[in-house]
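The values are calculated or read from the model by the stated rules, or taken from the named source; none is laboratory data. Note that the structure is a prediction, hence the values are computed from the model and not measured. Using ideal geometry, Cβ is built from the backbone for each residue, glycine included, and neighbour counts are taken over all protein chains shown. Ligands, DNA and RNA are stripped out before the accessible areas are found, and what is left, the full protein with its side chains, is counted by its heavy atoms. Shrake-Rupley method; radii C 1.70, N 1.55, O 1.52, S 1.80 Å.
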Amino acid sequence: CEGFVRRYVHEFQGGVCALEWKPFAGTVFAVGCRTGICIWGGGGTKGQRPLMSFLPSPSGPINRIEWSPCGLKLASACQGEDGFVVWDVSSETPTRILRAGRTSLLRWSPSGKYLVQGTTSNTMRIWETETWTCEKWSCSGPVKEACWDAAGESFLLSYDNCSYLELFSLPANQYPPFIGADTAKTPVDFGPYSVEGIDATTTVGGAIEHFAWDPLNRRLAIALSPSPDSGVQHIALLSTKMPGFTLVPIGYLSGTLQQGRVLDLRFRPCQQTNALLSISWSSGAIQFYPLVWTR
């Protein structure tokens, strides 16, 4: 069939900082920019004209946006500003959450009942989304990445320039506004160590730059800082089992100097069997790895 390229341009859409697709909504996506959030819909076919609604920023450029799992709410944060905003998208009504620190990351739980907020300081907050109360935790550094488990009862955190993952869990059979989060077990360290190769010994491990957890919580992919020996970046693959967060190493995927650094790791969402991992490299290359298990 004949292809086409659709350009989404508007005078309000300057200084784009973030983009997120709306869950289960086909061609609807949100763009964080200098003056607010542009929400585009339509335009999926050649004869269809896209429509845009605009949510104005309360203070500055929008550099963090995150849809709730149901797609009815949108959390956003402004660069260098305190707290964050939760939008009711249909009514375009904002709820401002203040005195919460400068936001580096926002992640909804699969149920939408909780929201993890990482900050640029050494703190993290877990919010329940009924009354917007929170628990505050001190961390080893600014939160770099977070992933929830499929049940919405636990989540993994990594920190800037740190080599370990930390698992937090919520009490079973408890519901908002109760939170009661706690660290579930000793952090898992991926610090440097030597691996014997065919031709030479290579150092792998170090600070965690990116990680992703597949929707079935069976595979974990972790992009580690480049090897000091070769400059090549390695991605650790591990088998995981929940509850209990049992980890079994599988092996490594290795990049090349030509591919550069890993920019992003993603598993295909809504996968019902096995897993499909995508890796985006700074060279512009995108790789896909199907991960198959038999039991």
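Name, by its number, the condition in (1) modelled with pLDDT of 90 or more; (2) in a strand (DSSP E or B); (3) open to solvent by less than 30 Å² (accessible area, probe 1.4 Å) that does not hold for G101.
(1)
Looking only at residues in the range 208-237 that are open to solvent by 40 Å² or more (accessible area, probe 1.4 Å) and of a type in the set (D, E, K, R), which one is nearest to R107 (Cα to Cα)?
Here the residue is R218.
Could you please tell me which pairs satisfy a Cβ distance under 7 Å, a separation of 6+ or placement on different chains, a first residue in the range 263-280 that is in contact (Cβ under 8 Å) with a residue 12 or more places away in the chain and hydrophobic (A, V, I, L, M, F, W, C), and a second residue that is loosely packed, with under 15 Cβ neighbours inside 10 Å and part of a loop (DSSP other than H, G, I, E, B)?
What qualifies is L263/S282; L276/R268.
Select from the range 109-128 the residues that are open to solvent by 20 Å² or more (accessible area, probe 1.4 Å) and under 12 Å from G152 (Cβ atoms) and list them in ascending order.
Result: P110, S111, K113.
Of G60, G71, G80, which residue is open to solvent by 20 Å² or more (accessible area, probe 1.4 Å) and not in a strand (DSSP E or B)?
None of the others qualify; the one that does is G80.
Considering V5, V31, V16, V9, which residue is open to solvent by 20 Å² or more (accessible area, probe 1.4 Å), at negative phi, at pLDDT 90 or above and of a type outside the set (D, E, K, R)?
When all the criteria are applied, what remains is V16.
Every residue in the range 251-264 that is in a strand (DSSP E or B) and more than 17 Å from V188 (Cβ to Cβ), please.
L253, S254, V262, L263, D264
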